[in-house]
């Protein structure tokens, strides 16, 4: 059941509501400060609290909390109930990612159904073939923003899983923030203790125009040339 002390509004509506009701900006007050990058928090004279992400756009989700306790509960639990349609793939799968392991399988289905590739990867040739299929979808206009985000994240995890299975790399899970809520992502560390963010390197490599994008990606992540 939806918490009746929380009203969902757009950030623009929340901003106008806070201004109309003489809201006081509390973004940098210790009692209201968030770990995320959300930019505006207002406390109203009637006890309500308005949280908005106006810098993300007028229609980005915002909240009107009926009282400070309702706001502080979300703040303390590090979770704000933004609508599912406004969540990123990493937000949707935050719990899965927090518990990610080399045996995880939750990310495999989109790769087999959308890219038509075989996973888990067994060798670098399969990794490269999957990368090429991914590139075609990402550079097309057929997939939605969320679908592309999903495939990018899933491929990065499949590649991470492959590298860890070789025994030459170990897995590290890190925490970051979307606009309101936390997400988790994986990095790999090689025997020289070099650490690489696989997802970030994947995004960078997709902009490579040399015709050797996968080789560049492989090198950027592993710090080794592809043989």
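Derivation of every value follows stated rules applied to the coordinates shown; laboratory data play no part. Quantities reported herein were computed from a predicted structural model and do not represent experimental measurements. Virtual Cβ from ideal backbone geometry, glycine too; neighbours counted across all protein chains shown.
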Checklist outcome for this item: Most packed first (mean Cβ within 10 Å per residue), the peptides 17-23, 62-68 order as 62-68, 17-23
Next on the checklist: Along the Cα→Cβ direction, 7 angstrom out, place labels at residue 126 and residue 96. What is the inter-label distance in nm?
Outcome noted: 1.9
Item to check | Using alpha-carbon coordinates, inclination of helix 68-77 to the longest axis of the chain, degrees | outcome: 20
Checklist entry - Any idea what angle helix 124-138 forms with the longest principal axis of the chain, computed on alpha-carbon atoms, 0 to 90 degrees, nearest 10? => result 40
Item to check | FRET efficiency, residue 76 to residue 143 (Cβ-Cβ, R0 41 Å, nearest 0.05) | outcome: 0.65
Item to check | Cβ-Cβ FRET estimate between residue 27 and residue 69, R0 fixed at 25 Å, reported to 0.05 | outcome: 0.85
Next on the checklist: At a 10 angstrom cut-off on C-beta neighbours, averaged per residue, how do the peptides 168-178, 210-220 rank from highest to lowest?
Outcome noted: 210-220, 168-178
Next on the checklist: Compute the angle between helix 11-20 and the longest alpha-carbon principal axis of the chain, please, reported from 0 to 90 degrees and rounded to the nearest 10.
Outcome noted: 20
Checklist outcome for this item: The extension gain from residue 215 to residue 54, computed as 0.36 nm times the residue separation minus the Cα-Cα distance, is 54.0 nm
Item to check | Cα-Cα pairs of region 6-84 separated by more than 21 Å (percent) | outcome: 13
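Given C-alpha coordinates of region 89-222, what is the ratio Rg to Rh with the Kirkwood estimate of Rh?
In region 89-222, Rg relative to Rh is 0.93.
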Checklist entry - Expressed as a rounded percentage, what relative contact order does region 89-222 have, with Cα pairs under 8 Å and six or more residues apart? => result 24
Next on the checklist: Defining a contact as two alpha carbons under 8 Å apart and six or more residues distant in sequence, what relative contact order in percent does the chain show?
Outcome noted: 16
Item to check | With eigenvalues of the C-alpha gyration tensor scaled by 5 and rooted, the chain, Å | outcome: 40, 18, 15
Checklist outcome for this item: Note: residue 166 to residue 195 extended length (0.36 nm per residue) minus current alpha-carbon separation gives 8.8 nm
Checklist entry - Taking only the alpha-carbon atoms of region 54-152, what semi-axes of the equivalent ellipsoid follow from 5 times the gyration tensor eigenvalues under a square root, in whole Å, largest first? => result 35, 18, 8
